[in-house]
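Notes follow once the structure below has been shown.
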Amino acid sequence: KGGVAPLSDLDWERAIRHAVKPDGSALKFMPSLEFQFLSDDDVAALIAYLKSLPPVDREPKPNSVGPIGRLLYAKGDLVLIPAERVNHEQHPAAAPMAVTPEYGRYLTEIGGCTGCHGEGLSGGKIPGTPPDWKPAANLTPSGIGQYKEEDFFRALREGKRPDGSPIDSLMPYRFTKDMTDDEIRAVWLYLKTVPAKAYGGR
């Protein structure tokens, strides 16, 4: 009950990349702004994995958006309907797995880094978040330029800064810790190529 077993591979692809349901209506809060960059091979692998999971009976509760959410959406601070912003025409080529800035950029795009750190990765207040949420860090050379490669590894594996202090729990190091050394190194190389920006320029 409440599952998605009847979905075809095309249905899955439309949901993942385009935030569109089988009936053509839009999905809310689907992270397709990031997933639109997934290569065909990675989308196929993701679909195969999801279809391999054992079925579970769980009826989902209906989604609802409160007045604050609607206000933030109207202001453009909240991506409520990703299908309105996704590029529905692109079909990304498979990204070569290599320790290169190009592969690092691919991982950064699909990993959702820009969702918190901004399109330019310069950090600042995350649009649409509660007032008590801490701002995102500046990932450009003017922000973490003093980091060494081992510092970057520690941030993604342990959630700690170079001085050993903990990074805010919003940083998803519980997931990035599972990245391979080559993947982390590729992201590191990519970030070194990003133009330096003032903090908060998004």
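Read the figures in this text as sums done on the coordinates, not as results from a lab. All of these numbers come straight from a predicted model, not from anything done at the bench. For neighbour counting, all protein chains shown are included, and Cβ atoms are generated from backbone atoms with ideal geometry for every residue, glycine included.
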#### Entry: Among the listed pairs Lys28/Lys160; Lys134/Lys160; Lys21/Lys134, those beyond 22 Å (Cα-Cα)
Lys28/Lys160; Lys21/Lys134
### Task
Compute the separation of the alpha-carbon centres of the range 1-36 and the range 173-201 and state it in Å as a whole number.
28 Å
### Query
Mind checking the dipole of the chain: about its Cα centre, +1 per Lys or Arg Cβ, -1 per Asp or Glu Cβ, Debye to the nearest 20?
740 debye
### Summary
Rounded to the nearest 500, the 222 nm mean residue ellipticity computed for the chain from DSSP H runs (n ≥ 4, each -39500 (n - 2.57)) alone is -10500 deg cm²/dmol
### Summary
With the charge dipole of the range 101-191 built from beta-carbon charges (+1 for Lys and Arg, -1 for Asp and Glu) about the Cα centre, the Cα from Pro131, Pro141, Thr108 projecting farthest to the positive end belongs to Pro131
### Overall dimensions of the range 101-191 as given by Cα atoms, namely Rg and Dmax in Å
12.4, 36
